[in-house]
Amino acid sequence: MRMTLRLLGIETSCDETAVAVVEAGAADRPLGRILANVIYSQLTEHRRFGGVVPEIAARAHLERLDGLVEQALGEAELGFGELDGIAATGGPGLIGGVMVGVMTAKAIAFAHDKPFLAINHLEGHALSARLTEPVEFPYLLLLVSGGHCQLLTVRGPGDFTRLGTTIDDAAGECFDKTAKLLGLGFPGGPAVERAARTGDASRFKLPRPMWRKPGCDFSFSGLKTAVRLAVEPLPKNDPQAIADLCASFQRTVGDVLVDRCSNALALAPSETLVVAGGVAANTYLRGRLEGLGVRLVAPPIKLCTDNGAMIAWAGIERLRRGMTDALDFAPRPRWPLDARVAARAA
Ligand code: KG4
Ligand code: ZN
């Protein structure tokens, strides 16, 4: 066997069709090298509906995926025969899109007699920090994306303990909603972050759900409502008010994340805190988490939001341990990372 592993990674769980080729040592040399990382964002297809439409997403994945696979292999200068495995997001996510990615990956794996790996999208985020920085297991993970907000102890692929989760909305959803209320467009996170740069974070007093409560759970629906109530009386076209509200909102989210992470560190001490998922792209929030006094590791900004490299990387972590999947794997619309939580949900 070669000393390196090269994996194709396919991500189709939401509104980005993404394909990557990642290479890494076959033994446990931690870091990977991204040979190609291509992405087609379906933003324009969904924009006029103000959110992601599942049927449109599935169709767009189907139309784009083969071309992107070809493009990624072209950039990596590899043929299918030179790959060591094919990884695809197997869930959770919009099931039509997940099916497109899984079927494509299975077909390539079958035709070229390569291992197939079904990756939990959240595991893709959870392990992505190890692609670019040496991070030893176990570590504490703050996973903050458009669909999830969780604190977990990560011991390895498929080995997670969930310490807390949101009881209502995800953090990214709250960013998106705030942006929508302020007419800043979709996706909201980057727009809110940009507007917040020139804002006064002390102007609006917003509630900090779960702040200083025991445990590690999150809640964002009250904050969402408070933002809506704060927006209503504002004059239209007042960029300073928008900036001030974005800054106040972002600071509130920062307060909550710091408080929840510090409870998690007390419950499950760890030298390293990894933050991953789309919201981890936020520079202000990264700065706040740096203040917790442990080593903070965040993937490079473009690997925080959905991408194929994190799926290929999770595939490498699994292949190194012989954790491959059968070709009868069924895509999973829901798929908790913590097996005990999964058992309870079944
Ligand atoms: O991980 P991701 O790409 O998709 C999911 O798995 O959900 O996360 C997308 C979420 C969106 O809600 C988006 O608004 C948010 O991540 N996001 C951000 C930033 N960039 C993306 N939130 C705050 N600040 C950002 N810079
Ligand atoms: Zn994601």
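The values are calculated or read from the model by the stated rules, or taken from the named source; none is laboratory data. Just so we're clear, the structure is a prediction, and the values are computed from it rather than from any experiment. Glycine also receives a Cβ, built like all others from the backbone with ideal geometry; neighbour counts cover every protein chain displayed. With ligands, DNA and RNA removed, areas are computed over all heavy atoms of the protein, side chains included. Shrake-Rupley method; radii C 1.70, N 1.55, O 1.52, S 1.80 Å.
Descriptive notes on the structure:
- If only residues of the range 144-167 that are more than 15 Å from ligand 1 (Cβ to nearest atom) and assigned to a loop (DSSP other than H, G, I, E, B) are counted, the one that is surrounded by the most Cβ atoms within 10 Å (Cβ to Cβ) is Pro157.
- Residue within the range 102-113 that is at pLDDT 95 or above and within 16 Å of ligand 1 (Cβ to nearest atom) present: no
- Subset of the range 284-301 (residues that are in a loop (DSSP other than H, G, I, E, B), of a type in the set (Gly, Ala, Ser) and either away from ligand 1 (no atom under 12 Å from the Cβ) or free of Cβ contacts under 8 Å to residues at least 12 places away in the same chain (or both)): Gly291, Gly293
- As for the range 40-57, it holds at least one residue that is open to solvent by 40 Å² or more (accessible area, probe 1.4 Å), at pLDDT below 95 and part of a strand (DSSP E or B).
- Every residue from the range 314-346 that is open to solvent by less than 10 Å² (accessible area, probe 1.4 Å), touching a Leu at 6+ places or on another chain (Cβ under 6 Å) and within 30 Å of Ala266 (Cβ to Cβ): Ala314, Glu317
- Filtering the range 110-132 to residues that are part of a helix (DSSP H, G or I), surrounded by 24 or more Cβ atoms within 10 Å (Cβ to Cβ) and either more than 16 Å from ligand 2 (Cβ to nearest atom) or free of Cβ contacts under 8 Å to residues at least 60 places away in the same chain (or both) leaves only Arg130.
- Test for Gly278: is it in contact with a strand residue (DSSP E or B) (Cβ under 9 Å, 6 or more places away or on another chain), under 16 Å from Leu152 (Cα atoms) and open to solvent by 10 Å² or more (accessible area, probe 1.4 Å): no
- Some residue of the range 146-155 being away from ligand 2 (no atom under 16 Å from the Cβ) and within 18 Å of Ala18 (Cα to Cα): no
- Across the range 81-95, the qualifying residues are those that are more than 16 Å from ligand 1 (Cβ to nearest atom) and not hydrophobic (A, V, I, L, M, F, W, C), and the one among them that is most open to solvent (accessible area, probe 1.4 Å) is Glu82.
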